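One structure is given here, and the rest of the page talks about it.
The values are calculated or read from the model by the stated rules, or taken from the named source; none is laboratory data. Keep in mind that what you see is a predicted model, and the values were worked out from it rather than measured. Cβ sites come from the backbone with ideal geometry, for glycine too, and all protein chains shown count toward neighbours.
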């Protein structure tokens with residue numbers, strides 16, 4: 001079936017181009033020029049996916065998102081953002097948007113976003129279908145249980161029928177009335193008079209034993225029970241009370257074990273006038289029991305092996321049942337509180353779908369983050385369904401939770417990457433503009449034969465190309481998961497290579513790069529490319545910090561802080577004037593030393609230092625202290641590299657006193 005997509009944008013040109021693209025992808029496209037018109041189309045056509053711009057007249061995309069989610073929570077909404085709309089896009093995700101993409105959206109990005117939306121719709125439909133099938137199976141098993149119970153307690157049914165028949169014993173039409181009453185029972189039923197003659201049987205009795213009305217009732221039994229004195233009916237007449245015995249039936253020449261229940265039927269004077277006799281085929285009972293046992297095993301296996309966590313909760317949020325996957329993941333089972341198992345909390349989760357189902361009897365769903373027994377956060381998609389008693393009242397709620405942690409991580413990763421690309425687009429555009437300026441200088445110098453201008457322009461071009469390359473490499477490193485390629489190498493040699501790489505930049509920025517590498521560092525197992533990139537990144541940051549500090553203007557002396565009495569000091573040379581301190585020489589030190597199980601790297605600079613409010617965010621993705629000059633990925637990637645090696649990384653700094661980064665890498669990666 002073709003998926004219907006509602007396209008909302010106030011620009012006709014964009015609607016036309018994107019509409020053609022969606023149609024080529026096989027979607028049925030509805031178009032609207034603003035949120036209000038889109039809402040009317042949505043109510044009429046109920047599309048599964050809505051692709052909407054954020055900024056529009058009449059009604060914007062966020063308000064449209066809220067309206068649609070109120071009316072149809074299952075509809076997936078993709079937001080289209082322009083430059084500067086990142087905050088609005090994040091707000092849209094909090095209100096339930098499936099994804100957001102930036103303008104102009106390429107067909108590839110559009111196809112990825114729509115595929116992700118369709119996957120969520122398909123997953124939701126699959127879980128709903130699974131819920132419905134499980135409910136049907138529960139009903140079927142409950143029906144079989146009731147059927148078996150009805151046969152197993154046939155004796156109780158006999159007593160109830162006896163009370164009903166007491167007033168009918170002397171009626172001339174007793175045979176026909178009893179026949180109608182007992183016809184549907186799933187056992188062999190006969191009514192015998194004091195001469196042990198059968199006066200009435202049910203339909204099953206006739207099918208299994210033939211028409212025996214008017215014949216002796218004991219003739220269907222083997223052994224002593226097949227006599228006038230030893231039959232179950234004869235003993236009931238003699239004792240005046242009901243019996244429950246094990247007998248052997250003679251069915252078509254074969255002996256069949258049976259359980260026989262009898263009950264006296266008394267007349268008006270209180271004497272036993274008739275005996276009701278009911279025989280249940282033990283073989284049939286065993287067959288039903290075995291079938292039930294097999295069904296229960298299959299049901300339990302399905303319950304335990306279902307690819308999700310399943311619990312059955314009562315109104316106090318206690319678990320009446322929990323499948324094996326739930327118990328393995330959360331370490332709790334029957335009798336435990338749901339919210340304590342999920343979040344170790346004494347209160348139900350905010351917006352709990354189970355409580356909503358108890359309130360309105362409808363199925364509900366929610367996406368939430370819970371905690372496994374190992375302490376790890378688990379993102380789950382929860383569905384609930386009511387379980388009714390025979391009066392139609394909700395006695396419990398079945399809750400199924402699907403682990404979507406990997407999907408959420410992938411979604412977060414893609415969203416972060418999208419935010420990164422959007423934030424970098426402006427910076428790259430500026431670099432390209434500056435690159436055009438450098439190229440212009442080169443071309444102008446070549447035309448005029450001005451070698452100096454060519455050299456200046458080419459230096460600028462080279463610098464800008466390096467910055468663009470660094471940005472692209474950071475993006476690729478962040479976007480792609482890379483397994484380590486380990487080899488054993490000398491730690492001191494690796495440190496020397498890193499220093500050699502950064503030395504030209506230090507010389508260009510007039511920064512002294514000091515190496516203090518202990519020759520006894522020894523060997524360790526590392527991915528040379530990954531760890532070198534991390535060390536170079538930190539070392540280049542230190543060089544930049546030291547150079548910037550040296551370029552800052554020295555604060556002019558303030559004479560008011562050193563008061564001088566000009567009237568009492570005739571010679572100006574005797575006045576005490578504050579001396580202007582000379583700026584320190586920009587300096588970066590790379591120290592490397594061994595310990596018993598690893599190697600320490602320390603990078604120290606005498607730059608401007610790091611403010612305390614920045615220290616806690618140093619290794620956070622997209623955070624940069626360089627403004628548009630940085631991607632916000634350098635230190636994040638460095639920490640990622642150290643973490644992959646099983647090491648540790650940290651930094652200490654005082655404002656105005658420089659900064660020191662310390663890394664420890666283990667010798668072995670086992």
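Those strands (runs of 3 or more DSSP E) of region 233-342 in which 3 or more residues are under 28 Å from residue 389 (Cβ atoms) occupy 309-313, 319-322. Would a scan of region 94-113 turn up a residue that is assigned to a loop (DSSP other than H, G, I, E, B) and over 26 Å from residue 24 (Cα atoms)? Yes: one or more hits.
Residues in region 59-92 that are touching a residue at least 40 places away in the same chain (Cβ under 8 Å) and closer than 20 Å to residue 36 by Cβ were compared, and the one that is surrounded by the most Cβ atoms within 10 Å (Cβ to Cβ) is 61. Cβ-Cβ distances below 7 Å connect the following pairs, each with a first residue in region 362-375 that is crowded, with 18+ Cβ neighbours inside 10 Å, a second residue that is part of a loop (DSSP other than H, G, I, E, B), and a separation of six or more residues or different chains: 366/351. Reported count of residues in region 91-110, each being over 19 Å from the mean Cα position of the chain (by Cα) and farther than 17 Å from residue 8 by Cα, is 3. Scanning region 647-668 for residues being in a loop (DSSP other than H, G, I, E, B) and farther than 18 Å from residue 490 by Cα gives a total of 5. Selection of region 407-448 for residues being modelled with pLDDT of 75 or more and within 19 Å of residue 104 (Cβ to Cβ) yields only 432. Residues in region 484-516 that are under 13 Å from residue 535 (Cβ atoms), surrounded by fewer than 18 Cβ atoms within 10 Å (Cβ to Cβ) and in contact with a helix residue (DSSP H, G or I) (Cβ under 7 Å, 6 or more places away or on another chain) were compared, and the one that is modelled with the lowest pLDDT is 501.
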